[in-house]
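As structure tokens, the structure follows; a few thoughts come after it.
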Amino acid sequence: MVYEGIAKDIIKGDPDTQVAVKTVNESASLRERIEFLNEASVMKAFTCHHVVRLLGVVSKGQPTLVVMELMTHGDLKSYLRGLRPDSEHNPTGRSPPTLKEMIQMAAEIADGMAYLNAKKFVHRDLAARNCMVAEDFTVKIGDFGMTRDIYETDYYRKGGKGLLPVRWMAPESLKDGVFTAHSDCWSFGVVLWEISTLAEQPYQGLSNEQVLKFVMDGGILDRPDNCPERMHSLMQMSWQYNPKMRPLFHEIIEMLREDLHPSFHECSFFYSEENKVPETEEYDLDLDNMESIPLDPSSYSQREDNSGRDKGSSVALRGNYDEHLPYTHMNGGKKNGRILSLPRSSPS
């Protein structure tokens, strides 16, 4: 359940703060509640404008309460669906996003992800349902799996294990359970597809089992109808079969920076002092040894293990992708998997 409320003195200098208050699922086990609280304590340390801010947790009594900044327009998936011409949830008559607005959304999401990556966290469930839309329509990374109960059909239980968001997962994640900043980038491409389609279901018409096989065999989503070339090119970059050929999130922002609203320069992690690296140091995120944010405790109960055993398996897996495979469109056509240059046409 999610409630809107007023919190007293939760932010210094602001006596009354509008907040969203969320409760842990009543069916959650004690272990799941403990894990949830542990991860909430980690999230509280995040201070990025494009990551939803966790303000506090009330752990005494039942139910456990999570207090977060209020995102007036809800999750991005619902927001996008509300922009459809036939939607009953668009009282203001807002039009579908223009290319300029889509690029702004993409950059805001990429900035939040770049921040998490810099903090050595892997999201593992990046999707429109887990992005939130603020009062001023800024898009932020948020919820970290707490929307699973709302969008349960977006998840699939593979082999009796936890629920997995298979339609947003990279081939290496589906095949070997590998989650890195590279697999987050694949999911980012699916979010771009959701933005372009006003949140249609990815791989519509395919069962979850068919999606598993299709993606592991090199398949990718079709280009959406009327999708601008610039957005489609960015999707293709994100869906390289070889994880290391996918762009980093700060590289994505670099591609888009010239077309962003001036406010992005003022509030983003990308332009912040925190993101500045001394010239004498090599910028290295160590992408293969990043922590994961366990999303919903019932489906992701373990952090990525950085032990020697897992490091060894990572080395073995790395070789599987050194020779790049072609990708397959849903219409059956195959193309060589190269990173495409992003068209520089000005957004409308």
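Six or more apart or on different chains, Cβ atoms under 7 Å: show the pairs whose first residue is in the range 80-101 and over 14 Å from residue 192 (Cα atoms) and whose second is of a type in the set (Lys, Arg).
Cβ pairs passing all conditions: 83/94; 87/81.
Among residues belonging to the range 115-126 that are touching a Ser or Thr at 6+ places or on another chain (Cβ under 7 Å) and crowded, with 24+ Cβ neighbours inside 10 Å, point out the one that is farthest from residue 188 (Cα to Cα).
124
Yes/no matrix, rows are residues, columns are (1) within 26 Å of residue 74 (Cα to Cα); (2) of a type outside the set (Lys, Arg); (3) modelled with pLDDT under 95; (4) surrounded by 21 or more Cβ atoms within 10 Å (Cβ to Cβ):
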{"position": "196", "(1), (2), (3), (4)": "yes, yes, no, yes"}
{"position": "208", "(1), (2), (3), (4)": "no, yes, yes, no"}
{"position": "216", "(1), (2), (3), (4)": "no, yes, no, no"}
{"position": "224", "(1), (2), (3), (4)": "yes, yes, no, no"}
{"position": "227", "(1), (2), (3), (4)": "yes, yes, no, no"}
{"position": "233", "(1), (2), (3), (4)": "no, yes, no, no"}
{"position": "237", "(1), (2), (3), (4)": "no, yes, no, yes"}
{"position": "241", "(1), (2), (3), (4)": "no, yes, no, yes"}
{"position": "244", "(1), (2), (3), (4)": "no, no, no, no"}
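Looking at 197, 180 in this structure, which one is in contact with a strand residue (DSSP E or B) (Cβ under 7 Å, 6 or more places away or on another chain) and either within 17 Å of residue 245 (Cα to Cα) or polar (S, T, N, Q) (or both)? Don't jump to the end; show me each part of the working.
On the way: 197 fails: in contact with a strand residue (DSSP E or B) (Cβ under 7 Å, 6 or more places away or on another chain).
Unique residue meeting the criteria: 180.
Which number in (1) under 21 Å from residue 197 (Cα atoms); (2) of a type outside the set (A, V, I, L, M, F, W, C); (3) more than 12 Å from the chain's Cα centre (by Cα) marks the one condition that residue 129 misses?
(3)
Scanning the range 71-114 for residues that are in a loop (DSSP other than H, G, I, E, B) and of a type in the set (Asp, Glu), which turns out surrounded by the fewest Cβ atoms within 10 Å (Cβ to Cβ)? Reasoning before the result, please.
Taking the range 71-114 and keeping what is in a loop (DSSP other than H, G, I, E, B), we get 71-74, 82-98.
Add one more test, that the residue is of a type in the set (Asp, Glu), and what stays is 86, 88.
Details: 86: 5, 88: 7.
Step by step, filter the range 71-114, then rank; the result is 86.
For the range 52-61, indicate whether the set of residues that are closer than 26 Å to residue 270 by Cα and either assigned by the TED database to the domain that holds residue 94 or without any contact (Cβ under 8 Å) to a residue 24 or more places away in the chain (or both) is non-empty.
Looking through the range 52-61, at least one residue is closer than 26 Å to residue 270 by Cα and either assigned by the TED database to the domain that holds residue 94 or without any contact (Cβ under 8 Å) to a residue 24 or more places away in the chain (or both).
Is the range 136-153 home to any residue that is crowded, with 24+ Cβ neighbours inside 10 Å, in a helix (DSSP H, G or I) and at pLDDT 90 or above?
Taking every residue of the range 136-153 in turn, none turns out to be crowded, with 24+ Cβ neighbours inside 10 Å, in a helix (DSSP H, G or I) and at pLDDT 90 or above.
Restricting to the range 1-60, what's the tally of residues that are in a strand (DSSP E or B) and of a type outside the set (Ser, Thr, Tyr)? Full working, then the answer.
Step one: filter the range 1-60 for residues in a strand (DSSP E or B), giving 2-11, 14-23, 51, 54-58.
Imposing the further condition that a residue be of a type outside the set (Ser, Thr, Tyr) reduces the set to 2, 4-11, 14-16, 18-22, 51, 54-58.
Residues that pass the stated criteria total 23.
In the range 157-274, which helices (runs of 4 or more DSSP H) lie fully inside it and hold 3 or more residues that are touching a Cys at 6+ places or on another chain (Cβ under 6 Å), under 23 Å from residue 50 (Cβ atoms) and touching a residue at least 40 places away in the same chain (Cβ under 8 Å)?
On the way: elements: 171-176, 181-197, 208-216, 229-238, 249-256, 262-267.
The helices (runs of 4 or more DSSP H) meeting that bar number zero.
Report yes if some residue within the range 251-268 is of a type in the set (S, T, N, Q), in the same structural domain as residue 141 (by the TED database), surrounded by 17 or more Cβ atoms within 10 Å (Cβ to Cβ) and modelled with pLDDT of 95 or more; otherwise report no. Break it down stepwise before answering.
Keep residues of the range 251-268 that are of a type in the set (S, T, N, Q), which gives 263, 268.
Remaining after also requiring in the same structural domain as residue 141 (by the TED database): 263, 268.
Right, trim to surrounded by 17 or more Cβ atoms within 10 Å (Cβ to Cβ) and you get 268.
Those left that are additionally modelled with pLDDT of 95 or more: 268.
For the range 251-268, residues of a type in the set (S, T, N, Q), in the same structural domain as residue 141 (by the TED database), surrounded by 17 or more Cβ atoms within 10 Å (Cβ to Cβ) and modelled with pLDDT of 95 or more: present.
State all residues of the range 12-27 that are of a type outside the set (S, T, N, Q), more than 24 Å from the chain's Cα centre (by Cα) and within 21 Å of residue 60 (Cβ to Cβ); if no residue qualifies, say none. It would help to see each step written out before you state the result.
The first filter runs over the range 12-27 and keeps only residues of a type outside the set (S, T, N, Q), leaving 12-16, 19-22, 24, 26.
Narrowing further to those that are more than 24 Å from the chain's Cα centre (by Cα): 12-16, 26.
Within the range 12-27, 26 is the sole residue that qualifies.
The values are calculated or read from the model by the stated rules, or taken from the named source; none is laboratory data. Worth saying up front: this structure is predicted, and the values here are computed from it rather than measured. As a convention, Cβ positions derive from the backbone with ideal geometry for all residues, glycine included, and neighbour counts pool all protein chains shown.
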